[in-house]
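Asks: Questions regarding the structure given below will be posed in turn.
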Amino acid sequence: MKIALFATCIVDAMYPEVAQATVSILRRLGHEVTFPSGQTCCGQMHINSGKFAQAEPVIAAHARAFSSTEWDVAVSPSASCVASLGHQQPMVARRMGNEALATEAADIASRTFELSQLLTDVLGITDAEADLGSYFPHRVTYHPSCHGMRLLRLGDRQSGLLRSVEGIDYVELPLADACCGFGGTFSVKNPEVSSAMLADKVRTVHSTGAEVCTGGDASCLLHMGGGMSRFQCTGNFEGTPDVTAVHVKQSSSTEPRDDNADHLTAVVGAGDDDHLRTSENETSPAEPSRVQSGLRVGQSTVHLARILASTRQDPLRVQSEGATVSGGSLR
């Protein structure tokens, strides 16, 4: 089968190893992989911000790139971008009065699959160890991205493939269906809310004791990995087996009062209301005490494709084995 790879802009710019892993998996199965030139972005950032006029040429560029070459199906290691192709692109083109582009975009979207969709629904892969030779002997938890879960309705496709990897110690993530707080432009426009959601997500990842948190969207993993990295940097843990304190505080001052300024504080590793406790004589939120439940050294994020591409002959290493972690993401 001839499979066209839609790498996505964030994978191309930040995580090219994810695209390489996707190609490796498909070639291992005997398929021809082609990379349509001229591809850039799906336009999701523009569309989510209501910039339909600016999104139209981006959609047109995607349509041109994937109409310029022959392929049977297309694949992308991003549930978010695949969802945008089908859910947003035709709608925006029609809203802009471009019916021809809407039809072309819908046709391309109908033949474009997220990686786990392609593997399970099209190629019939259900056992990663037997069919792909996947090997990753580490404790792993999994975050299902919002678009994969709610728009593509991936169900257990990604987690099922993960569970079948040889040697993996798979552990469920508490409150897995909660958003990580990225939401594309949401994290830029609503940083305080996004950071609070991220703190909750990182706290649940830590509770699993997993070395790695994986998922199928590089954008979510970028957000979560960056959060892990920032949280780790707040504790003095160099050379020690555990972070002694993860104490993340983002404060914004309101109007000053007679005693001192009120502070809004988000804490990772403490109870949800720890920062609200006051004594009888205090009139402002108390400074959170240092906690002893920080992130483990070596906890990081990594895309599902890289775990599926890992084999006994060419294993993906984790930080404890000497792998590099940049911005909380396994390299």
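We did not get these values from a lab; they are worked out from the coordinates using the rules stated. Given the structure is predicted, the values throughout are model-derived calculations rather than measurements. Don't worry about glycine lacking a Cβ; one is built from the backbone with ideal geometry, like all the others, and counts go over all protein chains shown.
Asks: Please give the net charge around Phe35, taking every other residue with its beta carbon less than 14 angstrom from that of Phe35, where Lys and Arg add +1 and Asp and Glu add -1.
Replies: Neighbour charge sum, excluding Phe35 itself: -1.
Asks: Find out how many positive minus negative residues lie around Leu123, taking Lys and Arg as positive, Asp and Glu as negative, among other residues whose Cβ is under 15 Å from that of Leu123.
Replies: Local charge sum for Leu123: -1.
Asks: For the peptides 66-77, 201-212, what is the packing order when you average, over each peptide's residues, the other Cβ atoms within 10 Å and list the highest mean first?
Replies: Top of the packing list down: 201-212, 66-77.
Asks: Still on this structure, I have one more. Go through 133-146, 50-63 and give me the packing order, highest mean Cβ count within 10 Å leading.
Replies: Ranked by mean Cβ neighbours within 10 Å, highest first: 133-146, 50-63.
Asks: Taking 1 over the mean of 1/r across every pair of different Cα atoms in the stretch 2-120, what Kirkwood radius in Å do you get?
Replies: Here the Kirkwood hydrodynamic radius works out to 14.2 Å.
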